[in-house]
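Right, one structure below, let's go through it.
The values are calculated or read from the model by the stated rules, or taken from the named source; none is laboratory data. The structure displayed is predicted, hence computed values, not measured ones. As a convention, Cβ positions derive from the backbone with ideal geometry for all residues, glycine included, and neighbour counts pool all protein chains shown. The accessibility values were calculated without ligands, DNA or RNA, using every heavy atom of the protein model including side chains. Shrake-Rupley method; radii C 1.70, N 1.55, O 1.52, S 1.80 Å.
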Amino acid sequence: MCGIVAFTGTSPTVPVLLNGLRRLEYRGYDSAGLALQTGDGSLEIIKRAGKVAELEQILEETGKAHTSADDSGTKPALGEKDTPGAANTPFSQATTGIGHTRWATHGVPSEANAHPQHDCSGSIAVVHNGIIENYAILRAELQGRGHRFVSQTDTEVVAHLIEEEYAAAHEDLVLAVRATVARLSGSFALAVCHASEPGLLVVTRNDSPLVVGKTKTGAIAASDTPALIEYTREVYYLDDRDLAVLHENGTLHFFDPAGSAIVPTPVTIEWDLEDAERGGYPDFMLKEIHEQPRVVKDTIAGRYSAATGRISFEELALSPRELKHIERVIIVACGTSYHAGLIGRDLMETWARLPVETAVASEFRYRNPLVTPKTLVIAISQSGETADTLEAVKLARLAGAHVLAITNVVGSRITREANTVLYIKAHLEIAVAATKSFLAQVALLTLFALYLAQERGQLESGAVGEVYAAMEQLPRQIAGVLEDTASIISCASECGNAQTALFIGRGVGATICYEGALKLKEISYVHAEAFAAGEIKHGPIALINPEGLTDPQVQTPVVAMACKSATYDKMLSNIEEVLARGAKVIAVATAGDTRIAELTGHVIFIPEVPECLSPLVASVPLQLFARHIALMHGANVDQPRNLAKSVTVE
Ligand code: F6R
């Protein structure tokens, strides 16, 4: 969704802001803009509907661009006066500014609605992520007091409120922002600069992420770490409604909402710049798919001791006694994380013999769910910022449940709301479509299900060790799938013209299908639906075009999970049923299976793994299948239309 970058220092800010905005592009957005202190007590704002590249082009054409993003510490020639913010500083040489990528909520994507937004005088510029829920009341009040609005955004009220508070606070920007924040409800991350406060930026947040750090030549803030990883690996996360003040000499001051100075603990970003680069791959999605052997290996590493035959989760804030007394588990999540939760549910029920439910987070809190202090709520979120999941977490906490968060992002909101946090080791995931984070979530949930069973005395250590030993083979097996993609590409090519595709499977195979269909529809825009294979005869089989019986060109593709499993024979019957009605069956099957090859010529073979671990291998060809079809349609696989990487609104 929206992205914020703010920089003040002794080096030009344009390259730092543009570089940061480019790094945030993966989150999804529709317009972009910058506001810079250009001296003589004024700000210059340049913004556009469209991509960061279009903004860059305008800057190039108007001579406002600065080509190097180097934060080397060399002070640039600033023209006549080399004081940052001094009179007549050219835009390209300005050293304090804020930048934004907007994902429209209030008002269409347009230049007027793009951020930065400004006050009546044009002296105050604001960029904002989130939604100001009381903006309509505030706007009416401000208009009543004579403020002129030029956009439809909720954000603009912030600029006008700061304008009033700045006057009331005798031109103290920090006080003005604090007083403004006290009047806002909703979610926000804000970065503010004032024409008359050279070299100073004020940032704050509530229910929306923001990180701050020092660089070699100044101070930087951003809504997400990829925007600042090039300049610092040590960052500070703000708590709700805390304020950070960034000075051009790199000094950072932090304040709580009451105005008392605070000293937050710095957090070191664990992943590298390499994670934010494509590294020779044509797109991030392919790169991230190929990282999966490493991701699964890292996620399971160190969790099992061969000496004791036990799995450990030392970070879990639940004693073995408390674990034994859990009566029920509820997993809450959205999208792909929800699919990981479905797999976790089956494993926990099977091994730990506990009732487990997986709920779509956006529905959970509206149905008056049964949550008690004896419920363990597991909230899964790659980003840790998904509003629907966070609301479910809040409800669970209020009901007294222990909330265990599974996330990929250190310092994300979910890590602050939950009682316990378990991190997957996916590292930064840039492509909007979740791939490596899904496998990491499933790997972690598999281990956690084993752990729960072990602690509740439902699984012997021998059985735990056996599953773990099979898990250790997974990185090699996933790598095997990635090395030989010819059948995946050829099956995808067979489906290039299809308007719709069905996915069918049984047991865990059905869940793999839900995820496979989601991948296909979100990146290729081909309609795809997944069903439990036993259900198709109850309705969905009507979707198969009977003309496919005589014309292969119009056959409805049906992707069938047909790996060796307890329901293999039944699955073959379901495949026969759809073939008999003219479907083109693409089967994912276990290497060496000859029966399947008698039914269809389109088979993707994968290595044999125990059924309980099959999602960790069988999901991989479906990711590649979806990607290939998307590429055939000319789609941007990393940034599919209408989607955002972190969905921070409900
Ligand atoms: C699909 C996808 C989304 C996310 C969903 C939840 O590829 O990425 O469906 O899984 O928006 O996001 P997180 O896991 O960040 O809570």
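Structural remarks
- Qualifying residue in region 437-451 (condition: touching a helix residue (DSSP H, G or I) at 6+ places or on another chain (Cβ under 7 Å), open to solvent by less than 30 Å² (accessible area, probe 1.4 Å), touching a residue at least 40 places away in the same chain (Cβ under 8 Å) and closer than 18 Å to VAL647 by Cβ): yes
- The numbered conditions (1) assigned to a helix (DSSP H, G or I); (2) in contact (Cβ under 8 Å) with a residue 12 or more places away in the chain; (3) not acidic (Asp, Glu) are all true for ALA597 except (2).
- Residue count for region 253-272, restricted to those that are touching a strand residue (DSSP E or B) at 6+ places or on another chain (Cβ under 8 Å) and crowded, with 17+ Cβ neighbours inside 10 Å: 3
Residue-by-condition table, conditions (1) in a helix (DSSP H, G or I); (2) within 16 Å of the ligand (Cβ to nearest atom):
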{"site": "ASP569", "(1), (2)": "yes, no"}
{"site": "LEU572", "(1), (2)": "yes, no"}
{"site": "GLY582", "(1), (2)": "no, no"}
{"site": "VAL585", "(1), (2)": "no, no"}
{"site": "ARG641", "(1), (2)": "no, yes"}
{"site": "VAL647", "(1), (2)": "no, yes"}
{"site": "GLU650", "(1), (2)": "no, yes"}
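- Listed by first and then second residue, the pairs with beta-carbon distance under 9 Å, at least 6 apart or on different chains, first residue in region 459-476 and modelled with pLDDT under 95, second surrounded by fewer than 20 Cβ atoms within 10 Å (Cβ to Cβ), are GLU460/GLY309; SER461/THR308; SER461/GLY309; SER461/ARG310; GLY462/GLY309.
To keep it simple, each residue is scored yes or no on (1) in the same structural domain as LEU444 (by TED's automatic domain parsing); (2) open to solvent by 40 Å² or more (accessible area, probe 1.4 Å); (3) of a type in the set (A, V, I, L, M, F, W, C).
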{"residue": "ALA340", "(1), (2), (3)": "yes, no, yes"}
{"residue": "ILE343", "(1), (2), (3)": "yes, no, yes"}
{"residue": "PRO355", "(1), (2), (3)": "yes, yes, no"}
{"residue": "VAL360", "(1), (2), (3)": "yes, yes, yes"}
{"residue": "GLU363", "(1), (2), (3)": "yes, yes, no"}
{"residue": "PRO369", "(1), (2), (3)": "yes, no, no"}
{"residue": "PRO373", "(1), (2), (3)": "yes, yes, no"}
{"residue": "ASP388", "(1), (2), (3)": "yes, no, no"}
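- Those residues of region 158-200 which are open to solvent by less than 10 Å² (accessible area, probe 1.4 Å) and either free of Cβ contacts under 8 Å to residues at least 24 places away in the same chain or more than 12 Å from ILE124 (Cβ to Cβ) (or both), in sequence order: LEU161, ALA176, THR180, VAL181, LEU184, PHE188, ALA189, GLY199
- At least 1 residues being among the polar types (S, T, N, Q) and assigned by TED's automatic domain parsing to the domain that holds LEU376 is the threshold, and among the helices (runs of 4 or more DSSP H) wholly inside region 453-557 those reaching it are 461-483.
Yes or no, residue by residue, for (1) more than 17 Å from LEU445 (Cα to Cα); (2) free of Cβ contacts under 8 Å to residues at least 40 places away in the same chain:
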residue: HIS339; (1), (2): no, no
residue: LEU342; (1), (2): no, no
residue: GLU349; (1), (2): no, yes
residue: GLN382; (1), (2): no, no
residue: ASN408; (1), (2): no, yes
residue: LEU428; (1), (2): yes, no
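- Candidate set: region 397-435, residues that are surrounded by fewer than 23 Cβ atoms within 10 Å (Cβ to Cβ) and of a type in the set (D, E, K, R); chosen: the one nearest to the ligand (Cβ to nearest atom): GLU417
- Top-ranked residue in region 576-591 [being surrounded by fewer than 21 Cβ atoms within 10 Å (Cβ to Cβ) and touching a residue at least 24 places away in the same chain (Cβ under 8 Å); ranked as nearest to LEU624 (Cα to Cα)]: THR590
- Which listed residue is in contact with a helix residue (DSSP H, G or I) (Cβ under 6 Å, 6 or more places away or on another chain), closer than 22 Å to GLU291 by Cα and within 14 Å of the ligand (Cβ to nearest atom), from ALA618, ALA626: ALA626
- Options GLU25, GLU44, GLU54, GLU60: the member that is out of contact with any strand residue (DSSP E or B) (no Cβ under 9 Å at 6 or more places or on another chain) and either outside any loop (DSSP other than H, G, I, E, B) or without any contact (Cβ under 8 Å) to a residue 24 or more places away in the chain (or both): GLU60
- Within the set ARG294, ARG321, ARG310, ARG353, the sole residue that is at positive phi and of a type in the set (Lys, Arg) turns out to be ARG353.
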